[in-house]
């Protein structure tokens, strides 16, 4: 019995010892599991830090850091900026992926060698500035945005793990400088500057689902740009500007301001090249204003075409004397005053209309208010304040009042299209039904018809004969104005311009050409006035339009105002 109880106790003792060992082993296993789990978490966190947060790509086995480390492009890229096209779908601006170079100063191994290699590759990155950036305490410093694939390959050959790349969208302008002032430009961060890029920033940054269609026709734009640039060079002009406007819709088919700039590198050109002379610049444009004062006379005076004014002597009012550039020294009818561009006759017309009448008419045409257009780059007109009696006379022939070319063209379009208000437009709707909406009449149909006839006279018998193209009804008005200076007006510095309408019997386009300070040449006998500079330029532009629009010559009928008999009737107030 005793031995049996001893065996039971022994077995219990043995069993109890074995159970304790199992518990200890189990506890150790759990501890090892927890330790391995903790180590795994540490490694995972470190990998996340290196590969995602610090943008480092670990090589095989994790023993070496690769030369190039990338962030996921899809995480890195912003929304692609929308394309800009002309009215026919020709691409004016688009966005493409491009690599940008940055440095993580913590991982730069050979700062001197790397800085030297980069400065040799990119002249705009100086060696000392790069070294300074390599010493920054941060983990991310931009070095070069929007590099080429070739540059990226050469950077990889440097072999410094501190250099890395991020994919971004780079804005490209396939037409280069051709439409720079209309399209504008945007920086690497997608912020628009100037033109469409600035004015429609909120729409463009929404993404590639939208394509912004402008009113431009790149064919009109090219014709305008090429011919004005050629004339500027020929006459050594300081600047030039031009615009083609649809007289019915107000669509801006072409707009040029020269000198222009490269939208890919806008800061590399002089700052004044970004000044838009069509919308921002305001100029005293001289005799082109006679279109508006003559129209005002027709609107306010009964039997206006039968009125005559004495232009035999210079007009004296107080201490002011008004003279004609080419004096006729005779009594002139209203059509003759317009045709020969008489300052004296026009001033007398303005005096007859009166200060209130002339200001009211100019204001109605939008010549005395800042134009309400889609662009932010807009100039405000300048005119006398207070407005004295003498200002009524001088403003009637464009002296002492300054407007932007787009204001002038808008007002001319209203005069010739039947008298309906025109609003310049730069961006087109997705779809549009012609003839919809109510038009606002500003000028009577009768006045519009007569003004078209008078503008035709200027080309056939007046100061713009070089604008005449056989078989086509073209009309317009010249303007040559002296630029104001510190001591009055400078006779050697001119603004020479011409505004023309084509075709006059059924107006479609208003075309404006302006040269800033052209110089006379032997071919023009030393003259730099509008008839020698702007008018021939206009004619070449029209010939280009006729060609690419395939506009056939017109068959002129006996009742057309372009016929000599009709011209004679108008000039002499219906008297043969």
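We did not get these values from a lab; they are worked out from the coordinates using the rules stated. Owing to the predicted nature of the structure, the values given are computational and were not obtained by experimental measurement. Heads up, the Cβs are rebuilt from the backbone with ideal geometry, glycines too, and the neighbour counts pull from every protein chain shown.
Taking neighbour counts of Cβ atoms within 10 Å as a proxy for exposure, in what order, fewest first, do 109, 212 appear?
Values: 109 11, 212 19.
Ascending number of Cβ neighbours within 10 Å: 109, 212.
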Name the residues of the range 205-239 whose amide N is less than 14 Å from a point 7 angstrom out from the Cα of residue 490 along the C-beta direction? 237-239
I'd like the FRET efficiency for residue 441 and residue 35, computed as 1/(1 + (r/R0)^6) with the beta carbon distance as r and R0 of 60 Å, rounded to 0.05. 0.10
Report the FRET efficiency, 1/(1 + (r/R0)^6), for residue 272 and residue 310, where r is their Cβ-Cβ distance and R0 is 51 Å, rounded to 0.05. 0.65
Sorted by packing (mean other beta-carbon atoms within 10 Å per residue), highest first, where do 376-389, 287-300 land? 287-300, 376-389
Could you work out the Kirkwood radius for the range 73-214, taking every pair of different alpha carbons, averaging 1/r and inverting it, reported in Å? 16.7
Quick one: which of 452-459, 546-553 comes out on top by average Cβ neighbours within 10 Å, and what's the full order, highest first? 452-459, 546-553
Using label points projected 7 Å from each Cα along Cα→Cβ, tell me how many nm separate residue 158 and residue 79, to one decimal. 3.4
Report the residues of the range 140-162 in range of a label on residue 193: point 7 Å along Cα→C-beta, backbone N strictly under 16 Å from it. 145-146
So for the pair residue 431, residue 527, with labels modelled 7 Å out along Cα→Cβ, what separation do we get in nm? 5.4
Given a Förster distance of 30 Å, report the FRET efficiency between residue 548 and residue 449 from their Cβ-Cβ distance, rounded to the nearest 0.05. 0.50
Can you give me the Cα centroid spacing of the range 102-135 and the range 137-194 in angstrom? 17
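Please give the contour-minus-distance gain from residue 210 to residue 226: 0.36 nm per residue of separation, less the Cα-Cα distance, rounded to one decimal in nm.
Working: separation 16, 0.36 × 16 = 5.76 nm, distance 3.10 nm.
So the extension gain works out to 2.7 nm.
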Shape category assigned to the range 252-375 from the gyration tensor of Cα positions, a/c cut at 1.5: prolate
Taking Cα pairs under 8 Å and at least six residues apart, what relative contact order does the range 232-277 come out at, in percent? 30
Projected label distance in nm at residue 321 and residue 389, using a 7 Å step from Cα toward the beta-carbon: 2.0
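Given Cα pairs under 8 Å that are at least 6 residues apart, what percent is the relative contact order of the range 73-214? Each step should come with its number before you reach the end.
Details: 257 pairs, mean separation 55.0, N = 142.
It rounds to 39 percent for the range 73-214.
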Gyration tensor (alpha-carbon) shape descriptor, the range 488-531, a/c threshold 1.5: prolate
Contour minus end-to-end for residue 129 and residue 363, with contour as 0.36 nm per residue of separation and end-to-end as the Cα-Cα distance? 78.6 nm
Sort out for me the Cα centre separation of the range 459-514 from the range 365-424, rounded to whole Å. 16
